[in-house]
Amino acid sequence: MPELAIWSIIGAPLASFLLIGLGVRPAFGPRQASAGYLTILAIAYSLGMSLWVLAETLGAEGHRLALPTHEVLSAGGFSLEVGLLVDGLTAVMLIIVTAVSLLVQVYSQGYMHGDSGYTRYFSYMSLFTASMLLLVLANNLVLLYVGWEMVGLCSYLLIGHWFHRPSAAAAAKKAFIVTRFGDFFFLLAIIFLFTQTGALVISDSAGEADVYGVVGKTLTGAALTWVALGIFAGAVGKSAQFPLHTWLPDAMEGPTPVSALIHAATMVAAGVFLVARFFPLIHAADTAITIVAVIGAFTAVFAASMGMVMKDIKRVLAYSTISQLGYMMMGLGVGAYAPAMFHLFNHAFFKALLFLGSGSVNHATGTFDMRLMGGLRKAMPWTWGVFLVGSLSLAGIPPFSGFFSKDEILGAAWHRGDTLGQFVFWMGLAGVFMTAFYVFRALFMTFHGEYKGGEVGAHGEARHPHESPRVMVLPMVILAVASIVSWVANAPGQNQLAGLLGYEGEEVQTFPLALSLIAALAGIGVATGMYLFRALSAEGVSRATRPLYTLVARKYFFDELYEDVLVRRVFYRGLAAAMDRFDRTVVDGTVDMVGLVGRNAGRVLVRAQTGQLQFYGVVLSLGVLAILAAFLLWGR
Amino acid sequence: MPGLTEYLLLSAVLFTIGLYGALVKRNVVVVLMCVEIMLNAVNIAMVAFSRFVVPVELTGQVFAVFIMTVAAAEVALGLAIILALYAHRGTVDTTNIDLMKF
């Protein structure tokens, strides 16, 4: 297929961004819906093109399209070559990004209806989609980094969509700064990699001086480990892995479709994508790949534990996302490349579905607080149905898609048989139990039991919940269908996806599979007992485990640790104050002293200026004589 | 017949006298006259060099003529300033003219 057609996948949403940003308000005025239609049209085009790319990739030799790179900058011996990298990984990511983005845009038509920032919202959504596609398609570290930062920027802009709310503005800032922390190390890794090897192109057709080619040749030992860790640090920030996980739950201040697209399906998965993209590099560094596995496994359990006690439905889903991303990371860490990407694929659909479901609930009740919901099953049968599908998929119940990918990861960890594999497997298993528990807790608290009135209005009146409009239900239904059937992309025994990605599929492991199914069912059972039948009082349990409950409910005090201890005390009062003292005393002191010397010298020398012109003449003549004497004495 | 050295000695003596007067005399009119002496000292040096060093060319002589012209203009201007100064301040004593200081 022509290269221009692939570029146009990025170009269409970008054009939509420019058209909406510059043209829609003046041209269409109050008929703002055109912004949404334009976005949908552009992304539908990208989806169509992505399907074409997928078809071409499936047929191509080595599942990799041969595309040229173009020199855009040349200075001395350095030349910057940009191009597109289309292999199996790219093709899969393209489908995920465009498909989820399209459905979310359709949903947004209903969800954002009447919002004062409607056109702004859609222009940023277009820009985000374009940036994400650029990140996925880039065949150059610099270009990839541009996309990487642009999705971060769009995330900031969209979290802060309702910027007049102080909490949203603060959350946007936090998301930006915390992810920047990881980005910084990613940038350092790129610079270090370039200075060490001169490689910026990720994979060129010659395969010599590209990033894949230098691993083990000019990039070995400690340098390889540091580059791998730097790249992973970027992924930790973007994918909200421990210890940079704190921004994602706060990011839920943004509009719910934004959470579904950016903070569940695509941008946060970019971290996993990054590790997958540089998998040959990271996998070659034993220390780095072990750290990936440990961080992933720890995050999977750590985040799930917080998801179990949150009262805000979107925060439950946010912690769930962190936890599921941890699964993908640990999958990559134990070398299960294809299962991890398979999980990313499935997760994009069912987590976007769950987020859209929570948005639909919010549309009806005006709140995200699950304590104010309950009993919505009758009023919102469609939302309930799709949420149930998403929950079952997330919990890992067959035949829903989450079951297949999650168990492939656990099976791969089990199959390794070493200490790391065992650690990852048992952590993952604990995570499965917690996941099943928290998602069904959310389901029961929201849709079952008695309706608690939703958001309390200005006059204390309750809201009467109603099903969301068709434009919102339809994308959810499509996503629900995808959540049920997306496993066929990598059906057990067939492993088409693994083949497309160029890795071998995992064999089905019966024992770990049975264990994880039992864990999931146990989690659902406990949730059912506590929240559906009330056989076990949730309040009683939390009271009985008071110190532990407080620890988890306060998010292990990480916000306090970062903001109070690290930022305020260590950084602000320690480092910044020391810098400030240095600036005031040493830097300012030097400048002041220079000024002082000049002024005091002037005060002395000013006495020589008498106003007597003839005195000046005398001094001048003596000076000339002195120069003359010096010339005559030593000049020759 | 005096040579180049003698002329230059005369020039130097005249210049020094002029400089001395210009730097120490109180009366501005005398200072102006001393400046004229210095200019003429330079003229002598010019003409001497022209005559003894490059006799075929007349550059030094032409220069001397120019200096005389400029000196005449300068005297006219200088005396005018001194007149204005006297009208304004009632004195031509250089020690009293000391406004150009800090």
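The values are calculated or read from the model by the stated rules, or taken from the named source; none is laboratory data. Fair warning: this is a prediction, and the values are worked out from it, not measured in the lab. Ideal geometry is used to build each Cβ from the backbone, glycine not excepted, and the neighbour counts take in all protein chains shown.
Against the definition (under 26 Å from B:ALA80 (Cβ atoms), within 12 Å of chain A (Cβ to nearest Cβ), part of a helix (DSSP H, G or I) and not β-branched (Val, Ile, Thr)), how does B:ALA22 come out, yes or no?
Yes: the conditions hold for B:ALA22.
Taking the criterion of being within 23 Å of A:ALA293 (Cβ to Cβ), under 26 Å from the mean Cα position of the chain (by Cα) and not acidic (Asp, Glu), would at least one residue in the range A:366-379 satisfy it? Give the steps one after another, and end with the answer.
Filtering the range A:366-379 for residues within 23 Å of A:ALA293 (Cβ to Cβ) gives none.
Among the residues of the range A:366-379, not one is within 23 Å of A:ALA293 (Cβ to Cβ), under 26 Å from the mean Cα position of the chain (by Cα) and not acidic (Asp, Glu), which makes the answer no.
Out of all the residues in the range A:117-149, which are under 29 Å from A:ARG64 (Cβ atoms) and aromatic (Phe, Trp, Tyr)?
A:PHE128, A:TYR145, A:TRP148
Going by what's in this entry, would B:MET33 be described as of a type outside the set (Gly, Ala, Ser), more than 14 Å from chain A (Cβ to nearest Cβ), under 10 Å from the mean Cα position of the chain (by Cα) and surrounded by 14 or more Cβ atoms within 10 Å (Cβ to Cβ)? Don't jump to the end; show me each part of the working.
Numbers: of a type outside the set (Gly, Ala, Ser): yes; more than 14 Å from chain A (Cβ to nearest Cβ): yes; under 10 Å from the mean Cα position of the chain (by Cα): yes; surrounded by 14 or more Cβ atoms within 10 Å (Cβ to Cβ): yes.
Yes: the conditions hold for B:MET33.
Of the residues in the range A:373-389, how many are surrounded by fewer than 20 Cβ atoms within 10 Å (Cβ to Cβ) and of a type in the set (A, V, I, L, M, F, W, C)?
3
Restricting attention to the range B:1-8, does a residue exist that is part of a helix (DSSP H, G or I) and within 14 Å of chain A (Cβ to nearest Cβ)?
no
Taking the range B:50-102 as the search range and keeping residues that are of a type in the set (D, E, K, R) and outside any helix (DSSP H, G or I), which one is farthest from the other protein chains (Cβ to nearest Cβ)?
Ranking the candidates gives B:GLU57 first.
Residues of the range A:592-636 being within 14 Å of another protein chain (Cβ to nearest Cβ) and of a type in the set (Val, Ile, Thr), which ones?
Hits for the range A:592-636 are A:VAL604, A:VAL606, A:THR610, A:VAL618, A:VAL619, A:VAL624.
When you scan the range A:309-346, how many residues do you find that are under 15 Å from A:PHE387 (Cα atoms) and touching a Leu at 6+ places or on another chain (Cβ under 8 Å)?
Adding up the residues that qualify gives 2.
Can you name every one of the helices (runs of 4 or more DSSP H) wholly within the range A:240-341 that holds 3 or more residues which are surrounded by fewer than 24 Cβ atoms within 10 Å (Cβ to Cβ) and β-branched (Val, Ile, Thr)?
In the range A:240-341, the matching helices (runs of 4 or more DSSP H) lie at A:286-307.
Say whether the condition of being more than 19 Å from A:LEU354 (Cα to Cα), modelled with pLDDT of 75 or more and not basic (Lys, Arg) is met by at least one residue in the range A:473-487.
no
Determine if the range B:77-92 includes at least one residue that is at pLDDT below 90, among the hydrophobic types (A, V, I, L, M, F, W, C) and touching a strand residue (DSSP E or B) at 6+ places or on another chain (Cβ under 8 Å).
The answer is yes; a qualifying residue exists.
Working only within the range A:48-79, note down all residues that are crowded, with 20+ Cβ neighbours inside 10 Å and either touching a Lys or Arg at 6+ places or on another chain (Cβ under 6 Å) or closer than 21 Å to A:VAL104 by Cα (or both).
A:MET49, A:SER50, listed by residue number.
Which pairs do you get when a residue that is assigned to a loop (DSSP other than H, G, I, E, B), found in the range A:106-125, comes within reach of a residue that is modelled with pLDDT under 85, reach meaning Cβ atoms under 7 angstrom, with the pair 6+ apart or on two chains?
Listed by first residue and then by second, the contacts come to A:MET112/A:TYR118.
Which of (1) closer than 13 Å to A:MET252 by Cα; (2) buried (at least 24 other Cβ atoms within 10 Å of the Cβ) does A:VAL151 not meet, given it meets every other one?
Going through (1) closer than 13 Å to A:MET252 by Cα; (2) buried (at least 24 other Cβ atoms within 10 Å of the Cβ) one by one, A:VAL151 breaks only (1).
Every residue, every condition in (1) among the acidic types (Asp, Glu); (2) in a helix (DSSP H, G or I); (3) under 23 Å from A:PRO255 (Cβ atoms); (4) at pLDDT below 85, yes or no:
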position	(1), (2), (3), (4)
A:GLY359	no, yes, yes, no
A:HIS363	no, yes, yes, yes
A:LYS378	no, yes, no, yes
A:SER391	no, yes, yes, no
A:PRO398	no, no, no, yes
